[in-house]
Every structure is written in structure tokens, then in C-alpha cells.
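Q: Quick one: the structure is below, questions incoming.
The values are calculated or read from the model by the stated rules, or taken from the named source; none is laboratory data. Because the structure is predicted, anything quoted here is derived from the model rather than measured. All Cβ positions, even for glycine, are placed from backbone atoms using ideal geometry, and neighbour counts span all protein chains on display.
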Amino acid sequence: MKRFSANAGDRVTEAVEKGRDIVEDGAARFADVLDEGKAVFVGQKKRLAGLVKPQRSIIGPVLAGSVGGAVLALLLAPKAGEELRQDIKGFASTAGDQVSSAAHKGIDLYEQGKAKVAGAVETGKGRIREAFAS
């Protein structure tokens, strides 16, 4: 009976030691995967920051100059008051449509960027899950 107890005790000690080794190995793998995930996240964050980095555009000043020039030309043109008002109204309507179109395009681009970021996050999550499954 002593021999059985000693043998069982040795087996329990061995199992506990193997369990500790497994836990330590799992913790090390987790730390490695976490570091890798952080590196991927930081890399993607930097890449995305470069894509959405605000840049000065020439479109604004050109548009403002165009609007100013058009209004000045309308005011200096030799036309009757009613005809001039109709021209200004038509110009304002066209400009409003262009601004609305640009705003919708901006919203669409924002939504596309948002979807790409969400996709990148899901890809990162999937890779982390795969690493833990290994």
C-alpha cells in the first residue's frame, strides 16, 4: 500500500508540474500573440492615419475664386435687373447642387473608410483567434 501511495504521489506531483509547464507555456504564447497583435494594430493605425491625414487642398481656394469671379461677372455684365436675378438664382442653384454632391461624396468616402477599418479590425481579431487555436 505504501508503494501504491508513493507511486500515486509521484504521479500527482508530475501532473502538477506538467500543468504548471502548460500554463507557463500558454502564458508565454499569449504574451507573444498579444505583442504581435499590438504590433499589427500599431502598424495598421499608422497606415490608416496616413490615409486620412488632413491635407490642404487646392479645391477650396479654386472653388471660392470661381464663385467670386462668377458673381463679379454677373454684377458687371450689362443686363436688366430681372435677367440678372435669374442668372444669380440659377448660379446659386447649381452651386448648391455641387456642394450637396460633394457632401454626399464625402459621406460615401467616410463610410468606405469606416468599413475598411472594421474589416481590418475583424482580420486582426481572426488572426489572434487563429494564434490561440494553434
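Q: Does GLU83 satisfy the criteria of being closer than 25 Å to ASP35 by Cβ and of a type in the set (Asp, Glu)?
A: Values: closer than 25 Å to ASP35 by Cβ: no; of a type in the set (Asp, Glu): yes.
So GLU83 fails the test.
Q: Just checking, does segment 110-125 include any residue being of a type in the set (S, T, N, Q) and either at pLDDT below 75 or outside any helix (DSSP H, G or I) (or both)? Quick ask: steps written out before the conclusion?
A: Of the residues in segment 110-125, the ones of a type in the set (S, T, N, Q) are 112, 123.
Now narrow it down to the ones that are either at pLDDT below 75 or outside any helix (DSSP H, G or I) (or both): none.
No, because not a single residue in segment 110-125 is of a type in the set (S, T, N, Q) and either at pLDDT below 75 or outside any helix (DSSP H, G or I) (or both).
Q: Please verify whether segment 7-17 includes one or more residues that are within 30 Å of GLY124 (Cα to Cα) and at pLDDT 75 or above.
A: So far as segment 7-17 goes, no, none of its residues is within 30 Å of GLY124 (Cα to Cα) and at pLDDT 75 or above.
Q: Let me ask another. Within segment 50-74, which residues are in a helix (DSSP H, G or I) and at pLDDT below 70?
A: GLY50, LEU51, LEU74
Q: Quick test for you: out of ARG47, ARG29, pick the one residue that is at pLDDT below 75 and within 30 Å of ALA133 (Cβ to Cβ).
A: When all the criteria are applied, what remains is ARG47.
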